[in-house]
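A.B. asks: One structure follows; several queries about it will come next.
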Amino acid sequence: MKLLRQAREVARVDLVVEGRVGETLRVIVPFAVAALLVLPLAQGPNLALLRQVGAAVFWTLAVLFGMQIALRQSANDTDARRDFYALSGVDPAARFLGRTVSGTILLTVFLAVLFLATLALYDPPVAGGDLPALVLAVVLFAYGLAALATLAGEVSAGLRSRGALASLIVAPLSLPLVLGAAQTAAGIGRDAGILSWSLLLLATDIALTVVGIAVAGPLEEART
Amino acid sequence: MRLAAVQPLVVFEGIGVTRDGNALLTDVDLEVAPGDVVGVSGPNGSGKTTLLRLVATLIRPNRGSGTVLGARMGTAETFGIRERIGLIGHEPALVPELTVFENLDHIARLGGLDRTRVMPVLETVGLGGAAHRRVRAASRGMQRRVEIAHMLLRQPELLLLDEAASGLDADASGLIDALTRRVTSSGGAVVTVSHDPAHLDGCTRQLRISAGRLALR
């Protein structure tokens, strides 16, 4: 109960702060949407090509800009805040879970906006009936990326090159997430089986959660 | 009738802290009993903040042994006692984007404390009228008051003050004194550090730290 209460509170405050600072919605999302325009502007009005590459562009930007969103929270943690959480009796696992949940919500909002912009600019083949499975893939991807970034933030906390190190950890380890999410989305479009790719996403999310909870305490102690 | 011996809250024996090859603290022996107000003075870079972080169990020693609130230093036991320790450090441990009230409410929610105490505590430190001001827009002195309110809300057994009185007006300094009295009267202890020995006048014991070595003043 204490773990869940603390995790919920960490997530709540993260989202309140984000609502006031607005870094995700006011800065990163517009940049990502602007990046969507690069290919159409470079290629010209080749609608067939745009329809074909829409999904690939979406997932590429989802990873690049999603990493920034997911890493932002841990990058903002000062040593004083970490001490505050430690001396407030906040379980490191609760902090990991709370950060992951708030990151998941922010990433899901970001991916929803990016998806709508991709639909408008690239018109990828998506039918209305595909949406539930697509939403599931996006949420599982968002959760996994948020958990991975939170974990990377904890591993690199207190180090001088933490920003670069965290990105280096997240980029390669997000491969199963990108693969699972992109293939699930592609499978929906082709009416192919998506179960194995969805299971890959789910298994990665579960593994990241278990590892994150297990190492949160030892990582905090290692910093002392 | 035999009285039970009073257990010290902090016991350090020959503690040394080294980071990146530099000795930050050397052979520190310290005992803090309930009711003690221990003042430590020393110049900048002498190890005052490191000593406080060591007492707070936020750093672990490389040498020696010790206990804080009964937990052995450098072991997982310290994890369970940290919420009984309060630290007012150099840098305010507040969320700048939240209001004064929201910061304390956050602390209460995290600790499972009675949230109805937040407003009365803010009024005690003279921040009742500033409860809905964002911490980012508050003065340094006001932020210090929020941290004092934080300690009043949490009521730690071991209170650690790092230059807590620096730059405060007489009213705010009085709040620190009242907080100190409250902690010691309920069986706790206070360790306070300052570069200025004049800030340590009310302490029951005064020590001096120089180049990481602690000595009686």
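The values are calculated or read from the model by the stated rules, or taken from the named source; none is laboratory data. Because the structure is a prediction, the values reported are computed rather than measured. Methodologically, a virtual Cβ is constructed for each residue, glycine included, from the backbone with ideal geometry; neighbour enumeration extends over all protein chains shown.
A.B. asks: Might you check whether a residue that is of a type in the set (Ser, Thr, Tyr) and either under 25 Å from A:LEU219 (Cα atoms) or in contact (Cβ under 8 Å) with a residue 40 or more places away in the chain (or both) occurs anywhere in the range A:81-88?
C.D. replies: Yes, because at least one residue in the range A:81-88 is of a type in the set (Ser, Thr, Tyr) and either under 25 Å from A:LEU219 (Cα atoms) or in contact (Cβ under 8 Å) with a residue 40 or more places away in the chain (or both).
A.B. asks: Taking the conditions exactly as written (of a type in the set (Asp, Glu), touching a helix residue (DSSP H, G or I) at 6+ places or on another chain (Cβ under 7 Å), more than 19 Å from B:ILE176 (Cα to Cα) and within 11 Å of another protein chain (Cβ to nearest Cβ)), does B:GLU102 satisfy them or not?
C.D. replies: no
A.B. asks: Would you point out the residue of the range B:158-208, among those that are hydrophobic (A, V, I, L, M, F, W, C), at pLDDT below 90 and outside any helix (DSSP H, G or I), that is farthest from B:ARG82 (Cα to Cα)?
C.D. replies: B:LEU168
A.B. asks: Out of contact with any Pro (no Cβ under 7 Å at 6 or more places or on another chain) and surrounded by 18 or more Cβ atoms within 10 Å (Cβ to Cβ), is that true of A:THR204?
C.D. replies: It is false that A:THR204 is out of contact with any Pro (no Cβ under 7 Å at 6 or more places or on another chain) and surrounded by 18 or more Cβ atoms within 10 Å (Cβ to Cβ).
A.B. asks: Kindly establish whether A:GLY66 is within 14 Å of chain B (Cβ to nearest Cβ) and assigned to a helix (DSSP H, G or I).
C.D. replies: no
A.B. asks: Could you list, in sequence order, the residues of the range B:61-98 that are within 24 Å of B:LEU179 (Cβ to Cβ) and part of a loop (DSSP other than H, G, I, E, B)?
C.D. replies: Scanning the range B:61-98 gives B:LEU69, B:GLY70, B:ILE81, B:GLY89, B:HIS90, B:GLU91, B:PRO92, B:ALA93, B:LEU94, B:VAL95, B:PRO96, B:LEU98.
A.B. asks: A further question follows. Look through B:GLY80, B:GLY47, B:GLY112 and report the one residue that is modelled with pLDDT under 95, under 30 Å from B:GLY14 (Cα atoms) and at the interface with chain A (Cβ under 10 Å from one of its Cβ atoms).
C.D. replies: B:GLY80
A.B. asks: Take the residues of the range B:115-149 that are in a loop (DSSP other than H, G, I, E, B) and within 14 Å of another protein chain (Cβ to nearest Cβ): which is surrounded by the fewest Cβ atoms within 10 Å (Cβ to Cβ)?
C.D. replies: It comes out as B:HIS132.
A.B. asks: Of all residues in the range A:41-63, which are surrounded by fewer than 18 Cβ atoms within 10 Å (Cβ to Cβ) and either of a type outside the set (Gly, Ala, Ser) or in contact with a helix residue (DSSP H, G or I) (Cβ under 9 Å, 6 or more places away or on another chain) (or both)?
C.D. replies: Result: A:LEU41, A:GLN43, A:PRO45, A:ASN46, A:LEU47, A:LEU49, A:ARG51, A:GLN52, A:VAL53, A:ALA56, A:THR60.
A.B. asks: Now a separate question. Taking the range B:83-98 as the search range and keeping residues that are over 16 Å from the mean Cα position of the chain (by Cα) and free of Cβ contacts under 8 Å to residues at least 40 places away in the same chain, which one is nearest to the other protein chains (Cβ to nearest Cβ)?
C.D. replies: Here the residue is B:GLU97.
A.B. asks: Among the residues of the range B:116-129, how many are at pLDDT 95 or above and in contact with an Asp or Glu (Cβ under 8 Å, 6 or more places away or on another chain)?
C.D. replies: Summing the residues that are at pLDDT 95 or above and in contact with an Asp or Glu (Cβ under 8 Å, 6 or more places away or on another chain) in the range B:116-129 gives 1.
A.B. asks: Then there is this: Step by step: first the residues of the range B:55-77, then only those that are at the interface with chain A (Cβ under 8 Å from one of its Cβ atoms) and surrounded by 20 or more Cβ atoms within 10 Å (Cβ to Cβ), then the one that is nearest to B:ALA149 (Cα to Cα). Which residue is that?
C.D. replies: Looking at residues that are at the interface with chain A (Cβ under 8 Å from one of its Cβ atoms) and surrounded by 20 or more Cβ atoms within 10 Å (Cβ to Cβ), I get B:ALA56.
A.B. asks: Is at least one residue of the range A:163-175 surrounded by 14 or more Cβ atoms within 10 Å (Cβ to Cβ), in contact (Cβ under 8 Å) with a residue 40 or more places away in the chain and in contact with a Phe, Trp or Tyr (Cβ under 7 Å, 6 or more places away or on another chain)?
C.D. replies: Scanning the range A:163-175 turns up no residue that is surrounded by 14 or more Cβ atoms within 10 Å (Cβ to Cβ), in contact (Cβ under 8 Å) with a residue 40 or more places away in the chain and in contact with a Phe, Trp or Tyr (Cβ under 7 Å, 6 or more places away or on another chain).
A.B. asks: Exactly one condition in (1) within 14 Å of another protein chain (Cβ to nearest Cβ); (2) crowded, with 16+ Cβ neighbours inside 10 Å; (3) in a helix (DSSP H, G or I); (4) touching a Gly at 6+ places or on another chain (Cβ under 8 Å) is not met by A:ASP77; state its number.
C.D. replies: (3)
A.B. asks: Kindly indicate which of B:SER166, B:SER173 is small (Gly, Ala, Ser), farther than 25 Å from B:GLU102 by Cβ and touching a residue at least 12 places away in the same chain (Cβ under 8 Å).
C.D. replies: When all the criteria are applied, what remains is B:SER166.
A.B. asks: In addition: Is one or more of the residues making up the range A:106-126 farther than 23 Å from A:ALA35 by Cβ and without any contact (Cβ under 8 Å) to a residue 24 or more places away in the chain?
C.D. replies: no
For every residue, the table says whether it meets (1) part of a helix (DSSP H, G or I); (2) under 22 Å from A:ALA186 (Cβ atoms); (3) more than 14 Å from every other protein chain (Cβ to nearest Cβ).
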position	(1), (2), (3)
A:ARG8	yes, no, no
A:LEU25	yes, no, yes
A:ILE28	yes, no, yes
A:ALA34	yes, no, yes
A:LEU39	yes, yes, yes
A:ALA42	yes, no, yes
A:LEU49	yes, yes, yes
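A.B. asks: Take A:PHE84 and tell me if it is within 14 Å of another protein chain (Cβ to nearest Cβ), of a type outside the set (Lys, Arg) and either closer than 21 Å to A:VAL21 by Cβ or not in a loop (DSSP other than H, G, I, E, B) (or both).
C.D. replies: In short, yes.
A.B. asks: To continue, here is another question. Based on what the data block shows, is B:VAL118 of a type outside the set (S, T, N, Q), in contact (Cβ under 8 Å) with a residue 24 or more places away in the chain and closer than 20 Å to B:ASP36 by Cα?
C.D. replies: Judged against the criteria, B:VAL118 is not a match.
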